[in-house]
Amino acid sequence: MRLPIVALFFPALLAAQRPLATAPLAKVTLLVPARVWDGVESQPHEGWAVLVRGDRIEAVGPRAQLTVPSDATTIDLAGTTLMPGLIEGHSHLLLHPYNETPWDDQVLHEALALRVARAVNHARATLMAGWTTVRDLGTEGAGYADVGLKQAINQGIVPGPRMVVVTRAIVATGSYAPKGFTPEHIDEIPQGAEEAGSAEDLSRIIRDQIKHGADWIKIYADYRWGPNGETMPTFTAEELKLAVEVAGSSGRLITVHSSTAEGMRRAIEAGVASIEHVDNGTAEVFRMMAQKGIYLCPTVAAGDAILSYRGWRRGVDPDPASIREKKASFRAALNAGVPICNGSDVGVFTHGDNARELELMVSYGMTPVQALRAATSVNAKMLRWESRVGAVKPGLLADLIAVQGDPTRDISGTRQVQFVMKGGEIFKRGGTE
């Protein structure tokens with residue numbers, strides 16, 4: 001039996017007349033600390049509060065002046081400073097401390113599944129310590145596992161910080177490690193990064209890493225591959241310029257590892273966005289970085305940690321030459337006006353202990369507020385994420401932490417994290433997890 005045409009369309013007509021289901025109202029939370037530091041100003045604001053709606057900051061200001069909906073949940077954070085979630089500019093979630101397992105052994109002997117399982121714990125520890133965003137600068141032999149970890153965090157499968165990833169990092173052929181194997185087998189040995197032997201290679205690898213999920217591109221502008229093992233530049237100035245152009249055409253930025261003045265000079269002239277370590281920077285290098293607005297990630301905590309593994313006791317033993325040189329380099333960059341971000345190279349030392357870098361930057365010459373900015377608003381600008389994170393400001397993502405006391409006066413307060421919110425979701429409250 002044939003149905004009339006109108007009967008065929010009747011269910012659709014009924015559906016069209018039904019009211020559309022309304023989306024559930026976004027949860028509203030009022031956070032009431034003792035004070036709010038906004039990520040920019042020199043001092044926190046006493047008596048301020050923050051209103052969060054859904055995953056965004058809706059309002060910030062004196063508690064009495066905020067219009068708070070009747071259905072809002074109020075969270076009392078007495079005695080704390082509410083501030084932006086901290087941003088780690090140089091992490092390696094796929095590594096664990098070298099005093100547990102040397103780097104070579106992690107790359108050569110630890111299974112990928114084992115490394116990823118560790119990384120899940122590292123991500124959680126990082127978030128619970130108040131670091132809500134990380135730029136992870138290389139999987140060090142773990143392939144593209146950082147991309148998968150980022151996806152797992154974004155999908156809510158595991159807790160962790162927002163991740164900006166580079167995948168495998170790029171090194172000049174023959175420059176990186178592990179090394180020391182016979183010529184007959186050297187090409188079979190797993191490497192801690194991806195090797196490029198020509199400008200063509202470099203272009204191909206950058207595009208391939210983008211295909212695999214890289215947000216940034218990391219290149220080693222120098223490494224310990226000189227005739228006697230000394231650190232020398234790797235890629236030519238022209239190759240680095242090409243790399244910046246190729247990555248830039250996709251809207252991506254390049255950071256370089258560098259600890260020689262020549263490697264830094266080539267990177268600066270190429271137009272990279274940031275330079276990691278910068279141990280032997282010169283006055284000319286720092287002047288060029290300041291003029292071009294190229295960020296410096298000092299990673300002071302990494303060198304401090306490695307020396308401690310060798311028996312050096314900070315504050316007890318005299319500073320080794322490398323520490324004295326690092327302090328001098330850091331102060332020279334600071335005095336030259338180079339934009340300094342917070343990047344610790346965590347993974348060399350324990351994940352979740354990221355505040356170690358902030359404490360050392362203060363001991364090296366920064367004020368607590370300068371160090372805090374480096375880990376919030378400055379790092380957000382370095383990532384080009386200032387419209388998303390890095391400040392307590394209406395419209396930004398509600399990535400917020402509360403720490404005991406006032407870290408603008410005592411930077412060690414960043415270790416006393418009582419509350420962690422990421423995207424409006426509470427991950428830690430009252431010092432508990």
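The values are calculated or read from the model by the stated rules, or taken from the named source; none is laboratory data. What you see is a predicted model; the values in this text were computed from it and never measured. All Cβ positions, even for glycine, are placed from backbone atoms using ideal geometry, and neighbour counts span all protein chains on display. Heavy atoms of the whole protein, side chains included, go into the accessibility calculation; ligands, DNA and RNA do not. Shrake-Rupley method; radii C 1.70, N 1.55, O 1.52, S 1.80 Å.
Would you be able to tell me the number of residues in the range 318-342 that are surrounded by fewer than 23 Cβ atoms within 10 Å (Cβ to Cβ) and in a loop (DSSP other than H, G, I, E, B)? Adding up the residues that qualify gives 5. Could you go through the range 362-370 and let me know if any residue there is touching a residue at least 24 places away in the same chain (Cβ under 8 Å), in a strand (DSSP E or B) and out of contact with any Cys (no Cβ under 8 Å at 6 or more places or on another chain). Checking the range 362-370: not a single residue is touching a residue at least 24 places away in the same chain (Cβ under 8 Å), in a strand (DSSP E or B) and out of contact with any Cys (no Cβ under 8 Å at 6 or more places or on another chain). Of all the numbered requirements in (1) in contact with a helix residue (DSSP H, G or I) (Cβ under 6 Å, 6 or more places away or on another chain); (2) buried (at least 18 other Cβ atoms within 10 Å of the Cβ); (3) in contact (Cβ under 8 Å) with a residue 40 or more places away in the chain; (4) farther than 18 Å from Ser329 by Cβ, Leu253 misses one, and that requirement is (1).
In the range 205-214, the count of residues that are in a helix (DSSP H, G or I), surrounded by 18 or more Cβ atoms within 10 Å (Cβ to Cβ), under 23 Å from the mean Cα position of the chain (by Cα) and small (Gly, Ala, Ser) is zero.
Suppose the filter is in contact with a Gly (Cβ under 9 Å, 6 or more places away or on another chain) and either closer than 30 Å to Ala123 by Cα or not charged (D, E, K, R) (or both); does Ala290 pass it? Judged against the criteria, Ala290 is a match. Scanning the range 121-140 for residues that are of a type in the set (A, V, I, L, M, F, W, C), touching a residue at least 60 places away in the same chain (Cβ under 8 Å) and part of a strand (DSSP E or B) yields a count of 1. Among the residues of this structure, Ala72 counts as one that is over 24 Å from the mean Cα position of the chain (by Cα) and open to solvent by 10 Å² or more (accessible area, probe 1.4 Å). Apart from one condition, Arg56 fits all of (1) touching a residue at least 40 places away in the same chain (Cβ under 8 Å); (2) surrounded by fewer than 23 Cβ atoms within 10 Å (Cβ to Cβ); (3) closer than 30 Å to Glu140 by Cα; (4) not aliphatic (A, V, I, L, M); the exception is (3).
Taking strands (runs of 3 or more DSSP E) as the structural unit, those lying wholly within the range 231-317 and holding at least 1 residues that are more than 19 Å from the chain's Cα centre (by Cα) correspond to 231-233. Applying the criterion of being charged (D, E, K, R) and in a loop (DSSP other than H, G, I, E, B) to the residues of the range 371-400, the residue that is least open to solvent (accessible area, probe 1.4 Å) is Asp399. Could you go through the range 223-230 and let me know if any residue there is in contact with a helix residue (DSSP H, G or I) (Cβ under 8 Å, 6 or more places away or on another chain) and not hydrophobic (A, V, I, L, M, F, W, C). Within the range 223-230 (the criterion being in contact with a helix residue (DSSP H, G or I) (Cβ under 8 Å, 6 or more places away or on another chain) and not hydrophobic (A, V, I, L, M, F, W, C)), the answer is no, since none of the residues qualifies.
In the set (1) within 19 Å of Leu82 (Cβ to Cβ); (2) open to solvent by 40 Å² or more (accessible area, probe 1.4 Å); (3) at pLDDT 95 or above; (4) not hydroxyl-bearing (Ser, Thr, Tyr), the condition left unmet by Val403 is number (2). Taken over the range 382-398, the criterion of being more than 13 Å from Asp55 (Cα to Cα) and without any contact (Cβ under 8 Å) to a residue 24 or more places away in the chain is satisfied by Glu386, Ser387.
This table checks each residue for (1) closer than 22 Å to Ala302 by Cα; (2) acidic (Asp, Glu); (3) part of a loop (DSSP other than H, G, I, E, B).
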position: Ala78; (1), (2), (3): no, no, no
position: Leu82; (1), (2), (3): no, no, no
position: Glu88; (1), (2), (3): yes, yes, no
position: Leu95; (1), (2), (3): yes, no, yes
position: Tyr98; (1), (2), (3): yes, no, yes
position: Gln106; (1), (2), (3): yes, no, no
position: Ala113; (1), (2), (3): no, no, no
position: Ala117; (1), (2), (3): no, no, no
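In the range 160-176, the residues that are closer than 14 Å to Leu383 by Cα reach residues that are open to solvent by 10 Å² or more (accessible area, probe 1.4 Å) and in a strand (DSSP E or B) with C-beta atoms within less than 9 angstrom, at least six apart or across chains, in these pairs: Arg162/Leu397; Arg162/Lys422.
Which of the residues that make up the range 141-190 are charged (D, E, K, R), in a loop (DSSP other than H, G, I, E, B) and surrounded by 15 or more Cβ atoms within 10 Å (Cβ to Cβ)? Hit for the range 141-190 is Arg168, nothing else.
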